[in-house]
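A quick write-up on the structure given underneath.
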Amino acid sequence: MTHRNGGELLAAHLKSLGIDAVFGIVSVHNLPLVEAIDADPELRFVPVRHEASAVNAADAYGRVRGGIGCALTSTGTGAGNAAGSLIEALSSGTAVLHITGQVESRYIGSGRGFIHETKDQLGMLTAVSKHAATITSATDAGRILREAS
């Protein structure tokens, strides 16, 4: 199936996993993903006020439904705000798919602090997750999403 952009690919993948709700924060780094989720009639984007709340809500929703909960957060400190809740979900054995934004590819790892860049965001998320990956190209997006699920 062909998708016009990464947001549509993400929406299709979420639906293939049985996900119908995504809890999250809207930010400049994930706006195209939020818009694609919100535009899909089979998905519901539920805005929350903090990244930890997004993961906690996804964790609870996944537990209640007996499936995967999904959280979408901002990059850098936003992803860091989700860390404690990700540890709780991991420790509890709950399946939570956490999707976060990232700075423009050319700035990843540059150490310049480009618009919310966090030093080694992937390393931080690897420490609090069963699996973590960075998508750096549209060509790899589908494969990486499948591996994460």
Contact order relative to length of the stretch 1-106, as percent, for alpha carbon pairs under 8 angstrom and 6 or more apart:
27
Determine the gain in length on full extension of the stretch Arg49-Ala148; use 0.36 nm per residue of separation and subtract their C-alpha separation, reporting nm with one decimal.
33.1 nm
Efficiency of FRET between Leu90 and Thr2 - r from beta-carbon atoms, R0 35 angstrom, step 0.05:
0.50
One point scatterer per Cα, no solvent, Debye formula: log10 I(q)/I(0) for the chain at q = 0.12, 0.13, 0.15 Å⁻¹ comes out as -0.44, -0.52, -0.71
Value at 222 nm in deg cm²/dmol, rounded to 500, when DSSP H runs of n ≥ 4 in the chain each add -39,500 (n - 2.57)
-13500 deg cm²/dmol
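Just so you know, all these numbers are worked out from the coordinates, no wet-lab data involved. The shown structure was predicted, so the numbers you read here are calculated from the model rather than taken from an experiment. Cβ: placed from backbone, ideal geometry, glycine included. Neighbour counts: every protein chain shown.
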